[in-house]
Amino acid sequence: MEIRNKVVWITGASSGIGEALTYKLNELGAKLIISSRNRESLYLVKSKCKVNPLDVHVLPLDLENTDSLKEVTASAIKIFNKVDIIIHSGGVSQRSLALETDLDVAQRIMNINFWGTVALTQNILPSMLSNNSGHIVIISSLVGKFGTKFRSAYSASKHALHGYFDSLRTEINPEIKISIICPGFIKTNVTINALTADGTKQNSMDDAQANGMPADRCAIEIIKAIRSGKEEVYIGGKEKYAVLLKRFLPGIFSKIVRTAKVT
Ligand SMILES: NC(=O)c1ccc[n+]([C@@H]2O[C@H](COP(=O)([O-])OP(=O)(O)OC[C@H]3O[C@@H](n4cnc5c(N)ncnc54)[C@H](OP(=O)(O)O)[C@@H]3O)[C@@H](O)[C@H]2O)c1
């Protein structure tokens, strides 16, 4: 699939994977709408787009405020009269034990990662259906395929995305593609921004992330998956193989994941 001149709407574009996707897609000649909460960071990202910055539009949004997303979607469509590809990269992680985590915090993670993504999709899908084309790209996680310590609500929010979008795929015109991307450890601010038991940020980077795949390499892999219309892909280092281990040797996987030293 040709990326040049495609209209791509990216959430989570102010940082990490979404930011790296913004630069790569700009280099490839896409027309971009970049979203997240922080307007200033989005303008900073726009200022670093070297190819035709006039084709990069900043559209702030808060995924937690699902009621506002209808109006935001209408504004997104107005910018270039259509959206060809939406990349849902906005999200927040968790670092806290399930039992210690305030229910409000767990619900917040679900609202941002799951309901925010669903709401945006419900709002953008009718225009894709009427254009008879479109691509919905969801940045899930390897923990959308299995659970590990300190990530109960986060892992649940990512598993929920798989259930929702695998179901949606069966209901809609196959011209609308749905790709679910499952990154492993990618070097971004995700663990710095992760919520702890009381909802405050962790404010430190986990070693696994610090040693993870660079975000620009992850962006290249994601674009490859979009171009080939893959339904589900795993991106990262050897942690990817945990998906296979869980599928084929679930008993062994369960023992390993219970005793593994996870941060
Ligand atoms: N890095 C990894 O190892 C890894 C692994 C698996 C999956 N992922 C997933 O990849 C996606 C991107 O994460 P990242 O690694 O790039 O982390 P990041 O650097 O922390 O970026 C997260 C992005 O989400 C945006 N965001 C957070 N809360 C939001 C809200 N309420 N409304 C709108 N936007 C919001 C942030 O922008 P604002 O603060 O400006 O709103 C930021 O642009 C997430 O869905 C994450 O779960 C990451």
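Restricting to the range 48-82, what's the tally of residues that are open to solvent by less than 40 Å² (accessible area, probe 1.4 Å), more than 23 Å from residue 107 (Cβ to Cβ) and without any contact (Cβ under 8 Å) to a residue 24 or more places away in the chain?
Going through the range 48-82 one residue at a time, the tally reaches 0.
Could you say whether any residue in the range 191-209 is closer than 14 Å to residue 87 by Cα and at pLDDT 95 or above?
Step one: list which residues in the range 191-209 are closer than 14 Å to residue 87 by Cα, which gives none.
No: zero hits.
Taking the range 10-48 only, how many residues are more than 15 Å from the ligand (Cβ to nearest atom) and not in a helix (DSSP H, G or I)?
4
Please determine, by comparing only the residues of the range 199-222 that are away from the ligand (no atom under 12 Å from the Cβ) and touching a helix residue (DSSP H, G or I) at 6+ places or on another chain (Cβ under 7 Å), which one is nearest to residue 14 (Cα to Cα).
Applying the filter and picking the extreme gives 220.
So residue 86 clears everything in (1) touching a strand residue (DSSP E or B) at 6+ places or on another chain (Cβ under 9 Å); (2) part of a loop (DSSP other than H, G, I, E, B) except one condition, right? Which one?
Condition not satisfied by residue 86: (2).
Checking residue 181 against (1) touching a helix residue (DSSP H, G or I) at 6+ places or on another chain (Cβ under 6 Å); (2) surrounded by fewer than 16 Cβ atoms within 10 Å (Cβ to Cβ), only one condition comes out false. Which one?
Unmet condition: (2).
Before we move on, is residue 134 within 14 Å of the ligand (Cβ to nearest atom) and surrounded by 18 or more Cβ atoms within 10 Å (Cβ to Cβ)?
On the way: within 14 Å of the ligand (Cβ to nearest atom): no; surrounded by 18 or more Cβ atoms within 10 Å (Cβ to Cβ): yes.
Criteria not met by residue 134.
If I filter the range 229-259 down to residues being of a type in the set (Ser, Thr, Tyr) and open to solvent by 80 Å² or more (accessible area, probe 1.4 Å), which single residue comes out as farthest from residue 135 (Cα to Cα)? Working first, answer last.
First, the residues of the range 229-259 that are of a type in the set (Ser, Thr, Tyr): 234, 241, 254, 259.
Narrowing the set further to residues that are open to solvent by 80 Å² or more (accessible area, probe 1.4 Å) leaves 241, 259.
Values: 241: 27, 259: 39 Å.
Among those that are of a type in the set (Ser, Thr, Tyr) and open to solvent by 80 Å² or more (accessible area, probe 1.4 Å), it is 259.
So, residue 186, is that one open to solvent by 20 Å² or more (accessible area, probe 1.4 Å), near the ligand (Cβ under 10 Å from one of its atoms) and closer than 24 Å to residue 115 by Cβ or not? Break it down into steps so the answer makes sense when it comes.
Working: open to solvent by 20 Å² or more (accessible area, probe 1.4 Å): no; near the ligand (Cβ under 10 Å from one of its atoms): yes; closer than 24 Å to residue 115 by Cβ: yes.
Here the answer is no, as residue 186 does not meet what is asked.
Looking for whichever is among the aliphatic types (A, V, I, L, M) and within 13 Å of the ligand (Cβ to nearest atom) here; the options are 153, 225. Which one fits? If you could, list the steps in order and put the result at the bottom.
On the way: 225 fails: within 13 Å of the ligand (Cβ to nearest atom).
Unique residue meeting the criteria: 153.
Considering 198, 206, which residue is surrounded by 15 or more Cβ atoms within 10 Å (Cβ to Cβ), over 18 Å from the mean Cα position of the chain (by Cα) and over 17 Å from residue 19 (Cβ atoms)?
On the way: 198 fails: surrounded by 15 or more Cβ atoms within 10 Å (Cβ to Cβ).
Result of the check over 198, 206: 206.
Would you confirm whether or not the range 161-176 contains a residue that is in contact with a strand residue (DSSP E or B) (Cβ under 8 Å, 6 or more places away or on another chain), open to solvent by 30 Å² or more (accessible area, probe 1.4 Å), within 10 Å of the ligand (Cβ to nearest atom) and under 24 Å from residue 64 (Cα atoms)?
no
Which condition breaks for residue 117 when tested against (1) part of a helix (DSSP H, G or I); (2) β-branched (Val, Ile, Thr); (3) surrounded by fewer than 19 Cβ atoms within 10 Å (Cβ to Cβ)?
(3) is the only condition that residue 117 fails.
The values are calculated or read from the model by the stated rules, or taken from the named source; none is laboratory data. This one's a predicted model, so the numbers in the text were calculated from it and none came from an experiment. Counting neighbours? That spans all protein chains shown, and the Cβs are built from the backbone with ideal geometry, glycine included. Quick note on the areas: whole protein, heavy atoms, side chains included, nothing else; ligands and nucleic acids left out. Shrake-Rupley method; radii C 1.70, N 1.55, O 1.52, S 1.80 Å.
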